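Engineer: Sharing a structure here in structure tokens format.
The values are calculated or read from the model by the stated rules, or taken from the named source; none is laboratory data. Only a predicted model underlies this, so the values are computations on that prediction, with no experimental measurement involved. Here the Cβ is made from the backbone with ideal geometry for all residues, glycine too, and neighbour counts use every protein chain on show. To get the accessible areas, we keep the full protein, side chains included, count just its heavy atoms, and leave off ligands, DNA and RNA. Shrake-Rupley method; radii C 1.70, N 1.55, O 1.52, S 1.80 Å.
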2 protein chains.
Amino acid sequence: MTELYTSSDIAAAHDRIRPYIHRTPVLTSESLNQITGASLYFKCENFQKVGAFKARGAINAVFSMNETERSKGLTTHSSGNHAQAIALAAKLAGVPAFIVMPSNAPKVKKAAVAGYGAKIIECEPTQKAREEGVIRVVEETGAAFIHPYNDRRIICGQATAAKELLEDLELSPDFLLAPVGGGGLLSGSSLTTHFLSPETKVIGCEPSGADDAFRSFHSGKIEPLDSPNTIADGLRTSLGERTFEVIREYVDDILTVDDDVILKAMRLIWERMKIIVEPSCAVPLAIILKYPEKFSGKHLGVILSGGNVDLESLSF
Amino acid sequence: MTELYTSSDIAAAHDRIRPYIHRTPVLTSESLNQITGASLYFKCENFQKVGAFKARGAINAVFSMNETERSKGLTTHSSGNHAQAIALAAKLAGVPAFIVMPSNAPKVKKAAVAGYGAKIIECEPTQKAREEGVIRVVEETGAAFIHPYNDRRIICGQATAAKELLEDLELSPDFLLAPVGGGGLLSGSSLTTHFLSPETKVIGCEPSGADDAFRSFHSGKIEPLDSPNTIADGLRTSLGERTFEVIREYVDDILTVDDDVILKAMRLIWERMKIIVEPSCAVPLAIILKYPEKFSGKHLGVILSGGNVDLESLSF
């Protein structure tokens, strides 16, 4: 690897963010153990600040900077959890945040970002307009751009979710499963497992309709997707160079699963565990349901990545 | 009161059921504290066995009986959480359960009851047919009928949720809020509070469309409702004599709230706490939202009664 990571990097990230994040609970479910025939340990990042693990990386990034570096504020483009995470991180550090959001982003997401005191800059809903928006913000304000995943501070921050999970378990799980979109959570989780529980195999869990990580993992080179198509909206992004090089080195396999199983897994979690998870978050359980012969009888750590669902679209 | 309750009754119930129930967590939410201006402590019975506090009373009832009394099994009529609770309690005691359910009960509820090994007896969806069904079961099988709330063993069992909440808090809350339907949970909670935290005021929380407890509390006599109309399906039942006499003695007030606020409160809990609660369960938060001048600045214990929502009816 070009970049070197040590267990101290992850421990330092954890020390840095600990005062600002929730140590989320690890839940079990007799009912889901029965259905899968495995022993599942769910790390509930849906209960994390901003409703997703993204708070870990963003807070680690901002507090890894010195005061001069962050003095002009932070910026990013995102319509999702990373936008809220950067807005929260900036608020904690007492610096401004400038979030470039597509004009068609859901009102509830804009309201959440604005609720942390961030300034929202609207742009056309294209990747090009988003990137240009950020460049303009950087030129005008001097704010520091924080990429949602292709950044070692983000990777080390996301690594702390698996660290807490492994610390809380009284055993080394046979497998650790995490969803993969841009790869920040998966790369971080695989680093942590490498250092703290090397006998645990790490599985990246990806929707079939956005299988760039699966393809890249097997071909050995990044294969971005032009038009991903999956209900798991948090996983439509493609790997970055930094996340990919960690994933190639430390992840044991990447498995894919179709949206119908993802939806079934999400409903099972809502129904049996009485907790809210977003579709992206249900992909690891969907993989476990798809491959019973691989996971039955095993101890499985599962990272539940987030719980931000647009409830406005649900009818009661 | 005709019936005498002591703190030992509740402690004994707790000892009796402890091996079989979850000690559910007490959760807090910064976001809901901000919205309400109060400090809220949520006792999460939506995570209880069968997804509701009803498991407590049913298990206490079956293990309060001697082996002869329960040897022929248990019976009740219910389309809701009490049916599952009795089915579970019978399974734990190793005796049969005969559950009379209306023919229009949701499939998912029937499946849950059958999943505990109970025998389901279908009847016409009227109160009369349900009661006749139970009488027939008792005549034919000798099973013991367990009423869903008008039973001191049920009341003492439901009282243990508030007991755990008060034990887990480091302070005496100013108010304890619980929903009221038949009154098992509210009467039990008020007994517990009377014994363990007498300075805490107990508030019964009721939908305006099923306000029999509110009326009965103020008139001093039970005023059952013929046709309750509320989304809070668990609270459409009317008080019984046993629950009413406890409520008259130990509850400080009963407040009512409309369905639109109940729905808003339910969405807030889903959205901000990332947990699934049923509409009945959201009535206390709806009351807190409705009366900010009463609750702002106070410490409030809130019993979240259950999480059984028919997710089939939600579209994603």
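Engineer: State all residues of the stretch B:23-34 that are more than 26 Å from B:Val246 (Cα to Cα) and open to solvent by 80 Å² or more (accessible area, probe 1.4 Å); if no residue qualifies, say none. Give the derivation first.
Structural biologist: Going residue by residue through the stretch B:23-34, those that are more than 26 Å from B:Val246 (Cα to Cα) are B:25, B:27-34.
Across the stretch B:23-34, the qualifying residues are B:Thr28, B:Glu30, B:Gln34.
Engineer: Regarding B:Lys264, is this residue touching a residue at least 24 places away in the same chain (Cβ under 8 Å) and either more than 19 Å from the chain's Cα centre (by Cα) or under 30 Å from A:Trp270 (Cα atoms) (or both)? Steps first, answer last, please.
Structural biologist: Working: touching a residue at least 24 places away in the same chain (Cβ under 8 Å): yes; either more than 19 Å from the chain's Cα centre (by Cα) or under 30 Å from A:Trp270 (Cα atoms) (or both): yes.
When the stated conditions are applied, B:Lys264 passes them.
Engineer: Take the conditions open to solvent by 20 Å² or more (accessible area, probe 1.4 Å), farther than 30 Å from A:Glu312 by Cβ and assigned by TED's automatic domain parsing to the domain that holds B:Glu206 and apply them to B:Glu271. Does it pass?
Structural biologist: Taking the combined requirement at face value, the residue does not satisfy it.
Engineer: Then there's this: Which residue pairs have Cβ atoms closer than 7 Å, lie 6 or more positions apart in sequence or on different chains, and pair a first residue in the stretch B:123-142 that is at positive phi with a second residue that is open to solvent by 40 Å² or more (accessible area, probe 1.4 Å)?
Structural biologist: Hits for this filter: B:Gly142/B:Lys72.
Engineer: Here's another thing I want to ask about it. Please pick out the residue among B:Tyr20, B:Tyr5 that is within 14 Å of chain A (Cβ to nearest Cβ), open to solvent by 10 Å² or more (accessible area, probe 1.4 Å) and assigned to a loop (DSSP other than H, G, I, E, B).
Structural biologist: B:Tyr20
Engineer: Considering only the stretch B:29-50, state which residues are within 14 Å of another protein chain (Cβ to nearest Cβ) and either assigned to a loop (DSSP other than H, G, I, E, B) or without any contact (Cβ under 8 Å) to a residue 40 or more places away in the chain (or both).
Structural biologist: Going residue by residue through the stretch B:29-50, those that are within 14 Å of another protein chain (Cβ to nearest Cβ) are B:29-32, B:34-35, B:42-50.
Answer for the stretch B:29-50, where residues must be within 14 Å of another protein chain (Cβ to nearest Cβ) and either assigned to a loop (DSSP other than H, G, I, E, B) or without any contact (Cβ under 8 Å) to a residue 40 or more places away in the chain (or both): B:Ser29, B:Glu30, B:Gln34, B:Gln48, B:Lys49.
Here's the yes/no breakdown for (1) touching a Ser or Thr at 6+ places or on another chain (Cβ under 9 Å); (2) under 27 Å from A:Leu300 (Cα atoms):
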| position | (1), (2) |
| --- | --- |
| A:Tyr20 | no, no |
| A:Ser39 | yes, yes |
| A:Phe47 | yes, yes |
| A:Ser64 | no, no |
| A:Ser71 | no, no |
| A:Asn81 | yes, yes |
| A:Pro96 | yes, no |
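Engineer: Could you tell me which numbered condition B:Thr200 fails, if it satisfies all but one of (1) open to solvent by less than 10 Å² (accessible area, probe 1.4 Å); (2) under 23 Å from B:Glu241 (Cα atoms)?
Structural biologist: Of the numbered conditions (1) open to solvent by less than 10 Å² (accessible area, probe 1.4 Å); (2) under 23 Å from B:Glu241 (Cα atoms), the odd one out for B:Thr200 is (2).
Engineer: Search the stretch A:138-167 for residues being more than 20 Å from the chain's Cα centre (by Cα) and of a type in the set (Asp, Glu), and hand back the single one that is surrounded by the fewest Cβ atoms within 10 Å (Cβ to Cβ).
Structural biologist: A:Glu139
Engineer: Looking at A:Ile121 and the list (1) surrounded by 19 or more Cβ atoms within 10 Å (Cβ to Cβ); (2) over 24 Å from B:Ile275 (Cα atoms); (3) out of contact with any Pro (no Cβ under 8 Å at 6 or more places or on another chain), which single condition is not satisfied?
Structural biologist: Failing condition for A:Ile121: (1).
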